[in-house]
Each structure stands twice: as C-alpha cells, then as structure tokens.
Amino acid sequence: MDINLTRILALFLIGVATLGCENAVTPGSNNSTDPTNNGGATNLTSAEQADEGSKTDSLKTTVRIATYNVSLNRQKEGELVSELKTGNSDQAKKIAEVIQRTRPDVLLLNEFDYDERGAGIDAFQTLYLRKSQHEQDPIGYSHVFFAPVNTGYDSGYDLDKNGKQGEPTDAFGFGQFPGKYAMVVLSRYPIDVENVRTFQKFLWNDMPDNQWPVDPETNKSYYSDEVKAIFRLSSKSHWDVPIKIGEKTIHLLASHPTPPAFDGPEDRNGARNHDEIRMFTDYVGGTADYLYDDKGVKGGLEKGAHFVIAGDLNADPFDGDGNGKAAQQLMTHANIQVEEIPASSGGPHYAKAQGKANDSQQGNPAYDTADFGDVRPGNLRVDYCLPSKTLTLKATGVYWPKPGEPGGDLVGASDHRMVWIDIE
C-alpha cells in the first residue's frame, strides 16, 4: 500500500474513533485551541518494504522486546529530520547498528524528536535501519506508532518561578520546542491502533494521594491553584500500545518520566518522577479507577492482561538523585517480574574505569543502563523492560559490551544502553 494512503487511512480511523477532528493531524474538539489536544489520536506509518525476516514470524516462539533511549534529540524543531534525510548521520548509523546487532521484534525509542508527518522515523528506517551498517543484516519495522508529547508545549505559566514565562522550563515537559525528547514504537507485529491509549493530558492533581510538591519554607503547595488546575502528570506521555503477537495481545506500556533533578528543596521533579512511575504501577495493579485517557476512557489494564513496562524511567532502585522509592514501586509489584535483571559485561568495566561516584554506589554495576557523569550521579540503572508475570521470560540483557568486544565502539552513540528481554 502506498505509504501516504496508509497514513490517510490510519488518521481517518482515528478521527472516527474520536468523533471528529480539527485537521488531519491533530483531531480534537472544535472549540479547543490547545496544540496538544489530539483527542487521543495517533499517527501511524508503514514502511513500503516488508520486514526483513518477517516470513518467519509465524514460526517464532520467542519474541524480543527492547527499550532504547537513542538521544536523537536536537536543539531546533526539524533539525533531526534534516540530519537524518542526508543519510550521513554518524550517530544514527551507530544507533542503527546496535539495533541490527540486537534485532528486537518490538522496540521503544526514547528521545526521538517528534514530527507530525513521521518524516524522521521514516528516514531513520529507510536510510539507516534498512541499510547494512558494518556488514550487519538490515532490519525493518512495518508497524510504527508515534504521537504528540508534552515536552516543549508551553504551559502559559512561570513554572520554574524565575520571573520569566515561555522558557523550556515552563513547558508541560522540559523542551526547547514541542515534541523534543519524544517517543516512537517500532514493531514487526501488528499494532492494534484503535485500542491504543494515551495519557498525555491526565492531570497530576487528579491522582489520589499524589506527591504534589510543597514549599518547605511555607509548608504550602509549591504551585498555585491555577497551575494545579492545568498541570499534566506526564512530562512526555504515557502510552498503552497493544501489539498482536500470534494469538496474544501484549500491552507495551511506554513512558519517559522526568529526571528527579534540576529542581530545589521542594523536589518538584523528584515528586513528579515518583508519580509518573506510580501511574503505570496503578495501571497494572487494579488501582487505577481514577485514571482517564485522552479519549476520556477511565480505568486501568484488565486483570490478567499481558504487558511489558518499558522506557527510560530516570529512576535507579538504589543510587542517583532520586530516593529509590520511585523505582522500588516496580521492584515490589505483585504483577511484575523483577527477579531476572538484565545485565552486561560493560557495566562493571566502565564503573571501575570511571570511578568517582561509581565507587560509592550500592547497586550492581552489571545492571547499569546509563553512562552519566563520573562525579555525579555516576552510572545508573534507569532503563527498564519489565514483563508481567503472565509471560514466560526466557532471556534478558543490556547492550553494553566492553572495549574490544564486538560492537564496543558503538556505545558512545547515546548515554543510555539498550535493554532487551526475550519472552515466550
């Protein structure tokens, strides 16, 4: 099918599902001027070529699901698309080679700048993934999901209280332009587009018993009542993306919470990080009656559903700027498998070689997934691929080879490492 016709069909179905739209890209209510008001709408692209190796999908018994913060973000809107279209981005080539070496069937990309037409992800697939990088087999994904996120969308308020409005720190999520640090889901299996749920606009104040930041000097709310009435919980977005794998549907629960740093004694980002993570623990735990998605549908995931929580969650269970409680919500959840932790050979090597903050950490460096500042906070485990207990876990890993090992020269393409799991 012609790729433009595929987009039009997808957007038409979305428009029907959301009962009308303002335009072909951002459906929503007719009386809204909010540029992020998409009524839960999605954009879908399909590559013109079939997936390499897709003929064997029906024979596969193990499926690899991965998350990878690729750091393909740029300072200006449209800059990433322009760079990728040259076909000569060294960073994109290295990212593509990591993907070709690990060959996930389903992949969440964090920090891939959003553009409403999907030109960036189309170029990344066509000019990088579908071309061999250093003699690796090309790979392609015929099912792609992306949608608007909160980063860079101005809140209309001085959120950081520096006396200025309209700065990146005043957006619903930090960003120099709308859609910076966005997300993309790539899949070799069909995505159930009509049943995707997005939670971009859910208000933080609508979460019961939330950790709303308090000014320690006044013991009052750090934000005004006006801000409380419009403040969105998700710094990017939270997505439930159902993927059809044989007779099973697996819900990829994708997010990228704000880092628990870059704030003050009120710990506003630490509190938000905690509650962004809590949102999905409630969603899979039967305690999400308060939640509503961008279409207005309430509630969480049905009991017994298969899921994988994936993304750069910016929370280490033991180390870093957070207090550990945010990640521990996942580690102690009754419905999440946490016993087998993805590990690498490179994590311990780099922790020892870089020293400093790494020397005093509590966590096992084999589980680290990000190479952060040596002085602070050191390398951390912040990227996760956590399956439900309804799934059979066969293998796990973190792509972080030691120097001299195959692919060892690729790790500098991002400050994060791919985390993958194989499920049956």
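Just so you know, all these numbers are worked out from the coordinates, no wet-lab data involved. What you see is a predicted model; the values in this text were computed from it and never measured. Every residue, glycine among them, receives a Cβ derived from its backbone with ideal geometry; neighbour counts consider all protein chains shown.
Listed cross-link partners Lys94/Lys248; Lys201/Lys298; Lys236/Lys295; Lys164/Lys228 are compared with a 21 Å cut-off, the Cα-Cα value being larger for Lys94/Lys248.
For Lys244, a cut-off of 19 angstrom between C-alpha atoms picks up these lysines, skipping any fewer than 8 places away in its own chain: Lys55, Lys60, Lys303, Lys389. Shown for Ile121, Ile191: other C-beta atoms within 10 Å of each C-beta, ranked fewest to most, produce the order Ile191, Ile121. Taking every alpha-carbon pair within region 216-375, the share separated by more than 24 Å comes to 44 percent. Looking at region 3-423 alone, DSSP beta bridges between its own residues are antiparallel in about 80 percent of cases. Who wins for biggest fluctuation among Thr169, Thr218, Thr61 in a Gaussian network model of the chain, springs between alpha carbons below 10 Å? Maximum among the listed residues: Thr218.
Of all the options Val241, Val308, Val375, the one that moves most in a Gaussian network model of the chain with Cα springs shorter than 10 angstrom is Val375.
The modelled label-to-label distance between Glu340 and Lys389, using points 7 Å beyond Cα along the C-beta direction, is 1.7 nm. For Tyr189, Tyr181, the sequence from fewest to most other C-beta atoms within 10 Å is Tyr189, Tyr181. Our compactness index for region 3-423, the C-alpha radius of gyration over the empirical 2.2 N^0.38 Å, is 0.93. Each 5 Å bin, from zero up to the one with the longest distance, holds this percent of the alpha carbon pairs of region 53-171: 2, 10, 18, 20, 16, 12, 8, 6, 4, 2, 1, 0, 0.
Net charge within 11 Å of Thr390 by Cβ-Cβ distance, Lys/Arg positive one each and Asp/Glu negative one each, not counting Thr390 itself? Here the count lands on +3. Springs join every pair of Cα atoms under 10 Å in this Gaussian network model of the chain, and among Gly152, Gly347, Gly87 the largest mean-square fluctuation is at Gly87.
With a Förster radius of 56 Å applied to the C-beta separation of Glu194 and Asp359, the computed FRET efficiency comes to 0.65. Fewest-first ordering of Ser345, Ser360, Ser235 by other beta carbons within 10 Å of each residue's beta carbon gives Ser360, Ser345, Ser235. What is the sum of charges, Lys and Arg at +1 and Asp and Glu at -1, for the other residues whose Cβ falls under 9 Å from the Cβ of Trp400? Residues close to Trp400 contribute a combined charge of 0. Subtracting the Cα-Cα distance of Ser132 and Asp215 from their residue separation scaled by 0.36 nm leaves 24.5 nm. Quick one: grab the alpha carbon gyration tensor of region 315-383, order the square roots of its eigenvalues as a ≥ b ≥ c, and give me rounded if a/c is under 1.5, else prolate or oblate depending on whether a/b is larger than b/c. It comes out oblate by the Cα gyration axes. Extents of region 262-346, largest first, come to 38, 35, 19 Å (Cα atoms, principal axes, whole angstrom).
Within region 114-145, what residues put their amide N at less than 18 Å from the label point 7 Å along the Cα-to-Cβ vector of Asp90? Label zone hits: 128, 133-134.
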